[in-house]
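Here is the structure we will look at, set down as structure tokens.
The values are calculated or read from the model by the stated rules, or taken from the named source; none is laboratory data. Model, not experiment: these values are computed from the prediction. Please note: Cβ atoms are built from the backbone with ideal geometry, for glycine as well, and neighbour counts cover all protein chains shown.
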Amino acid sequence: MSVVVTLMLTSLAKLFSALGTAKVLDLPQALLPLTNRQSFWLVGLVELAIAADLILDKNPRRNLTLVMWLGCNFILYRAAAAILTVGKPCPCLGSLTEKLPLAPGVIDRILITVALYLFLGSLFFLVVPCKGELPKKSVQDVATGATDTATENTELNQLQSMDRSYE
């Protein structure tokens, strides 16, 4: 749920900014072949679509994969900006950044933390099975016929006790 709220807020900030009249919106984006306005529309709509999908689609693996993909893209964008020394904080929230009572550098660090939260959080839940979820057999286990020893022992004990009951 926290991811849905985060994506809704950041997407609305981008879409609100894209409607603005600031001249900077029509300048080329530093890393993408788009204007700032176009990139706000594109990323804002993608975030909104993923938030809607998280609400409507009940497939946890798909949802986690979407969030991980988005977080990975944010991290890659930030890494490219750092490598190419764009030199200014990410305009990720558009003109809303100017209205917040925080320094642009602080907002930039918060957004980096959000990108890491999206990526690492979803990666964690994709890799670590949730409580009550049975571990998946690996391809190697299936190929070699390996099974869970505890399950085998339980089944063997049940069969042996059934045999004794017929004697």
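All of Leu34, Leu19, Leu9 fail the test of being touching a strand residue (DSSP E or B) at 6+ places or on another chain (Cβ under 9 Å) and either aromatic (Phe, Trp, Tyr) or modelled with pLDDT under 95 (or both), apart from Leu34. Among the residues of the stretch 3-31, the ones that are under 22 Å from Ile75 (Cβ atoms), among the small types (Gly, Ala, Ser) and either outside the structural domain of Leu56 (by TED's automatic domain parsing) or in a loop (DSSP other than H, G, I, E, B) (or both) come to 1 in all. Counting only helices (runs of 4 or more DSSP H) that sit completely within the stretch 58-155, those holding 2 or more residues that are modelled with pLDDT of 60 or more, at negative phi and surrounded by 17 or more Cβ atoms within 10 Å (Cβ to Cβ) correspond to 60-83, 104-127.
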